[in-house]
Amino acid sequence: MIRAAARRRRAEPGVAHICEPGDQLGEAYVMHRLEGETLGRRIVRDEAFAAVRPGLARRCGEVLAQIHATPTDHLPPLATSDARGELARYEGVYRDLDARRPILEAAFRWLEAIAPAPPERPVLVHGDFRNGNLMIHPDRGLVGVLDWELAHLGDPAEDLGWICVNSWRFGEWRKPVGGFGDYAELLAGYGGYISLDRVRFWQALGSLKWAVMCLMMYQSFATGADRSVERAMIGRRTSEAEIDLVTLMEGAA
């Protein structure tokens, strides 16, 4: 799948070799080395990236347009999702957690009422395209897109909305695209045919999904399945996503 996407663009590490039994490395593949930074807080704040930050949002739009243009005929089997399917899936997880959080209850009902219809043609969606999964070089800008394990077929606005979730702005909340740019720059790079309303819907759904993921992290800590401090800390971030959702619901109203 990465190789198929690479034929449309050059902003991810290329796959140099897929290991065979004789390599004695198990199920693995070797990728070309890239130079750059992936820590979101450094990307949005460090002086080293000041020169490339102004163009990053537009570049993200360009790269997403190229990913979404990947022919899907010869991709490996991938799940297909849409807005209502994602809502139902995450509400099911939320109900299983028995969390009972009023803001999340309201967000599920709000997003259900405004969910867009599925796209006419599902495209290859990266699924986790955000600041933190992008490799940024201080001189060359965006050089790599990492973490493809959530890739699927779906609505192209899903990727555009996910990078706008406030949790991936690393404190630079006034710049909705990754903490480094604006909606208009992202959409201009993409080509402009996806509406801002659709992007903002997926942004809100992204905040809701992240809230549920945070609850899942805490659940794993609370039940003893994973007693790492990281799980407990991420669990506390549910409240941040709730604040974002309240802001988005109030803005829509």
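Which of GLY206, GLY141, GLY191 ends up with the largest GNM mean-square fluctuation for the chain, with Cα atoms connected below 10 Å?
Judging by the Gaussian network model, the answer is GLY191.
Using 0.36 nm per residue, how much length does the chain from VAL229 to GLU112 gain when fully extended, once their Cα-Cα distance is taken away? Write out the running numbers ahead of the final one.
Numbers: separation 117, 0.36 × 117 = 42.12 nm, distance 3.41 nm.
Fully extending the segment from VAL229 to GLU112 adds 38.7 nm.
Taking region 3-52, how much of its Cα-Cα pair set, in percent, is spaced more than 14 angstrom apart?
Working: 814 of 1225 pairs.
Considering region 3-52, 66 percent of its Cα-Cα pairs are separated by more than 14 Å.
Any chance you could look up the accessible area of TRP210 with a 1.4 Å probe, heavy atoms only, rounded to 10 Å²?
30
When the chain is treated as a GNM, springs tying every alpha-carbon pair under 10 Å, which of SER239, SER207, SER195 comes out with the largest mean-square fluctuation?
For the chain, modelled as a Gaussian network with Cα springs under 10 Å, the answer is SER195.
On full extension of the chain, what length is gained from LEU25 through LEU39, given 0.36 nm per residue of separation minus the C-alpha to C-alpha distance? Present the calculation step by step, with values, prior to reporting the outcome.
Details: separation 14, 0.36 × 14 = 5.04 nm, distance 2.87 nm.
Gain on stretching LEU25 to LEU39: 2.2 nm.
Highest GNM mean-square fluctuation, the chain, Cα pairs closer than 10 Å: which of ARG33, ARG58, ARG231?
ARG33
Given a 1.4 angstrom probe, what's the average accessible area per residue across region 153-222, in square angstrom? Present the calculation step by step, with values, prior to reporting the outcome.
Details: 2420 Å² over 70 residues.
Here the per-residue accessible area is 35 Å².
How large, in percent, is the carbon and sulfur part of the accessible surface of region 160-253 at a probe radius of 1.4 Å? Numbers along the way, then the final one.
On the way: 2410 of 4380 Å².
Ligands and nucleic acids excluded, carbon and sulfur reach 55 percent.
If I stretch the segment between HIS152 and GLU120 completely, what's the gain in nm (0.36 nm per residue apart, minus their alpha carbon distance), one decimal?
Here the segment from HIS152 to GLU120 would lengthen by 10.0 nm.
The values are calculated or read from the model by the stated rules, or taken from the named source; none is laboratory data. As the structure is a prediction and not an experimental result, all values here were calculated from the model. Each accessible area value is taken on the protein alone, full model and side chains, heavy atoms only, with ligands, DNA and RNA left out. Shrake-Rupley method; radii C 1.70, N 1.55, O 1.52, S 1.80 Å.
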